[in-house]
Amino acid sequence: MGQGLSHTTNTTLVLVCKKPALHQGKQRLAADIGAEQALAVAQLLLSCALEDLSDWPGKIAIAPAHPEDDQWASQLLKHRNCLVVPQGSGNLGERLNHIDNELRLRGKENLIYIGSDSPTLSFKQLSDTAQKLQTYDTVFSKARDGGVTVMANRTPWPDLSKLPWSTDSLGASLTDLCRQSHLSVGYAPSGQDVDHLKDLLGALPELNSDDRPARIALTKHIKTVFKQGITSHA
């Protein structure tokens, strides 16, 4: 690996995810399109996130929601050496603290966290995040809804349990918490996550020009199943 990508090879990319299942996860999307379609989209979104992991030059890890999903997670990327770290219990902040602690106990230092709901995420965005992590203690990619699509850190997170998860004030609260904890904060290019049908349709312009196989499959599904929504969204 060339010297120009040393910041990526020294950084572990971590996917925090749930095993797609009917009536589990993507409930806001399910309210828009129904449980069965939400499951189909969740599976396609997961494939996009796995594409990001597969292309990452550095170490990778998957953090499934439940310990019983360890075996499932370990089989997702058979061609890569992938750490599996269950999320533990509690709210998302408590689970992220747990994952972070477990990875640092295993000697991982520079960490980038992604979810399975940001199909427009690119290698360039992740590489930029890893680059900025050489300068800042924490790096975030802002989501258009006020949240974040990427969280990265080179030092342990402060206590994340009290943050307003799944609200439009998350990004600002996360930044404030880090700065109050005397951690420097940097920003990577912003992104878009998928919580509702409008988010899925809003991602189409970027997905249309993405030639990665999982993104092509997601784009085809959106255009095939949600034609009426695309027309009204235009």
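Values quoted throughout were computed directly from the atomic coordinates according to the rules given, and no laboratory measurement underlies them. Not measured: the values here are computed from a predicted model. Methodologically, a virtual Cβ is constructed for each residue, glycine included, from the backbone with ideal geometry; neighbour enumeration extends over all protein chains shown.
Data table
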| read-out | value |
| --- | --- |
| Single condition residue 168 does not satisfy, out of (1) surrounded by fewer than 17 Cβ atoms within 10 Å (Cβ to Cβ); (2) in contact with a helix residue (DSSP H, G or I) (Cβ under 8 Å, 6 or more places away or on another chain); (3) acidic (Asp, Glu) | (2) |
| Region 127-157, subset more than 14 Å from the chain's Cα centre (by Cα) and among the aromatic types (Phe, Trp, Tyr), residue surrounded by the fewest Cβ atoms within 10 Å (Cβ to Cβ) | 136 |
| Residue check for residue 51: crowded, with 17+ Cβ neighbours inside 10 Å, acidic (Asp, Glu) and farther than 25 Å from residue 91 by Cα | yes |
| Residue that is surrounded by the most Cβ atoms within 10 Å (Cβ to Cβ) [pool: residues in region 10-32 that are small (Gly, Ala, Ser) and not in a loop (DSSP other than H, G, I, E, B)] | 30 |
